Amino acid sequence: MKKILPILIALIGTGTGVGAGFFNKSNQVSNEATEYACGPSSDGDLVMEEPDSVDSSDFEYAKLNNQFVVPVVTDGRVQNLVILTLSIEVAPGEKETVYQREPKLRDAFIQTLFNHANIGGFAGEFTNSNTMDILRHELLVSAKDVFGNLAKDVLIIEIMRQDV
C-alpha cells in the first residue's frame with residue numbers, strides 16, 4: 001500500500017492539474033517583438049516586410065518517455081511534488097540521437113530540476129513567465145551539456161504541483 005499511494009497521488013494530481021489548467025487558461029500577451037526587414041519597393045519607396053515564417057519542418061520534437069517527479073522539500077519534509085513532461089527541439093533526423101542518450105539527459109535534467117526546487121523555483125507562483133523562462137534556460141543549458149548544439153530548445157509540455 002505504501003508503494004501504491006505515491007503513484008496514485010501522482011496520477012490524481014496530474015489529472016487534477018490538467019483539468020485545472022484547461023479551465024483556468026488565461027489569455028497571454030506575447031512579449032516578443034516582430035522583426036521586420038526594410039527595403040526599397042519597386043517604385044523606390046522604403047517599405048517594411050515581415051520576415052519569412054519559420055518552417056515547422058526545420059525542427060523535430062523528441063518527447064521524453066517518462067515524466068519527471070521533483071520533491072519540494074521545506075524544513076526537512078516533502079511539501080509538494082512537481083511533475084513535468086519535457087520535450088527537446090532538435091534538427092530533423094536527430095530524434096533518435098535524443099532517445100539513445102536519454103538516460104544521460106534525464107540525469108542532467110533531474111539535477112537541474114532539484115537545484116531549481118532547492119532555490120525555491122517551485123514555490124509560490126511557479127508558473128509565472130519569468131520563473132518559467134529561468135527554468136527553460138537552465139534545462140536548455142543542461143541539454144546543451146549533453147548534446148552540444150544539437151539541442152535547440154527545451155519545451156515544458158506539462159507542469160503541475162501537488163501538495164503532499
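Quick note: the coordinates plus some simple rules give every number you see, no bench work behind them. Just so it is clear, the structure is predicted and the values come from calculations on it, not from any experiment. In this analysis, Cβ positions are derived from the backbone assuming ideal geometry, glycine residues included, and neighbour counts consider all displayed protein chains.
From the C-alpha gyration tensor of the range 56-163, pull out the three semi-axes of the equivalent ellipsoid (sqrt of 5λ each), sorted largest to smallest, in whole Å.
Values for the range 56-163, descending: 26, 13, 12 Å.
Please work out the FRET efficiency for the pair residue 144 and residue 164, using the Cβ-Cβ distance as r and a Förster radius of 41 Å; give the result to the nearest 0.05.
Efficiency, from the Cβ-Cβ distance: 0.80.
What is the packing order of peptides 125-133, 68-76, taking the mean over residues of other C-beta atoms within 10 Å and listing the highest first?
Top to bottom by mean Cβ count within 10 Å: 68-76, 125-133.
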